[in-house]
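*Asks:* Got a structure for you, questions after.
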């Protein structure tokens, strides 16, 4: 190594990078320049850069991701005191009444002139839409009759084959004939509930729960009972076990990997325990796995279906990872598979063939895995930046989740905060957030909001976070 009057070159380079991280010029999830590129930019040897990176890696400041490069590491998990609190249990089921608010918020989310902090979608800049659209062009040239017939349930065979292949890699025993394609995960959830429950039945849900699940429950004339969820470990399995001792439950809907809005990941032992309890009580588990591919470090937990392929109905889609507008989803119905296929015929009959073909080809090409590696990195950085911004700009006493995947943050305002008032005030200033009461069948979480970090951090986002912080201080 070349020495300078103040030390070795690699030490100076490492110090510069440390200062950049401390100042926030490089943030968690940011990718560092490649070794060769940085060597060329700084006119130093490759070995100098490698030694500097090794210093930062040993200090815990950066990490190497196979085939992806060097990235700034996320900081240590925050103290529990800075995270949102676990809600009190709800002991009685209730009718769900979220549709009116849900419709209003969705309408605001669709307005391109508004800052999209309320919509749980990834910005188009992060998605390989151009690549998939080229596949569509190629398919239409080679298959001039595509679209001339219905691709009726269970759906496109090539797509089901690719989904089954990926499922096996994640630990599930799944074949193409176990699957039915759907128009997004929302249709999958509807089909699952139609197959396992009847009007008036009680469905156990996480609390807070994704409002799309609640809206589906409401639309099917079902009732919900809320099971507390922890921001780190998800659904409280002990609370679920106690609930089903006291209350007949037709099914439980759960997102064990990166729940929405908490971003929680259920530990393996709790997944196995939940499946064991549900199987003993003969209660279907509907597993919403739309965020399963977005764990930041790439270590995908085993889905619940990996523990039992009969009692668990597995639902997923590419809406959160690849192309939300394509509405390509799927369901593995376990012992309710035949019923779900029949329900699909009466529900929507078929799925668009062309879009399914494009997704199948993208999965088969290996492009999806390359895309996911990049996407996880940028989303990890986004979540860290947004979280820091919220804690800096919002009033003292604000608590923010610290998810290990996905791109949504659950924000607890200080006591007295009014999420609905904040939502309305923010809308008047061109900003959309998702108010907490949307995530509860009983309109709880009056001082919580969900903020999406799916959009690149820029001055517009930074200014919007500052505005929200000022508005929150007044509520």
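Here, each number is a calculation from the coordinates, and none is a lab measurement. Nothing here was measured: the structure is a model prediction, and the numbers come from that model. Backbone-built Cβ (ideal geometry, glycine too); neighbour counts: all protein chains shown.
*Asks:* Determine the gain in length on full extension of the stretch residue 281-residue 342; use 0.36 nm per residue of separation and subtract their C-alpha separation, reporting nm with one decimal.
*Replies:* That works out to 19.4 nm of additional length.
*Asks:* To test your reading of the geometry: what angle, between 0 and 90 degrees and rounded to tens, separates the Cα axis of helix 353-365 from the longest principal axis of the chain?
*Replies:* 40 degrees
*Asks:* Measure nothing but the geometry: give the 0 to 90° angle between the long axis through the Cα atoms of 99-109 and the longest principal axis through the Cα atoms of the chain, rounded to 10°.
*Replies:* That helix lies at roughly 30 degrees to the long axis.
*Asks:* I've got another one for you. Kindly put 92, 320, 344, 67 in sequence by how many other C-beta atoms sit within 10 Å of each C-beta, fewest to most.
*Replies:* 67, 92, 320, 344
*Asks:* Helix 9-23: angle to the longest alpha-carbon principal axis of the chain, degrees 0 to 90, nearest 10?
*Replies:* The answer is roughly 50 degrees.
*Asks:* Would you mind ranking 457, 330 by Cβ crowding within 10 Å, fewest neighbours first?
*Replies:* Least to most surrounded, the residues fall as 457, 330.
*Asks:* Something else now. Once you have a ≥ b ≥ c as the square roots of the Cα gyration tensor eigenvalues for segment 253-412, tell me rounded if a/c is under 1.5, and otherwise prolate or oblate according to whether a/b is larger than b/c.
*Replies:* oblate
*Asks:* Let me ask something additional. Sorting 266, 172 on the 10 Å Cβ count, fewest up front, what's the list?
*Replies:* The fewest-first ordering by Cβ neighbours comes to 172, 266.
*Asks:* Return the ratio Rg/(2.2 N^0.38 Å) for segment 3-72, where Rg is computed over Cα atoms only.
*Replies:* Relative to the 2.2 N^0.38 Å estimate, segment 3-72 comes out at 1.04.
*Asks:* While we're on this one: Run the numbers on the chain and let me know its relative contact order in percent, using alpha-carbon pairs under 8 Å that are six or more apart.
*Replies:* Reported relative contact order: 21 percent.
*Asks:* Count the DSSP beta bridges whose two residues both fall in the chain, then state the antiparallel fraction as a percent rounded to the nearest 5.
*Replies:* Percentage antiparallel, nearest 5: 65.
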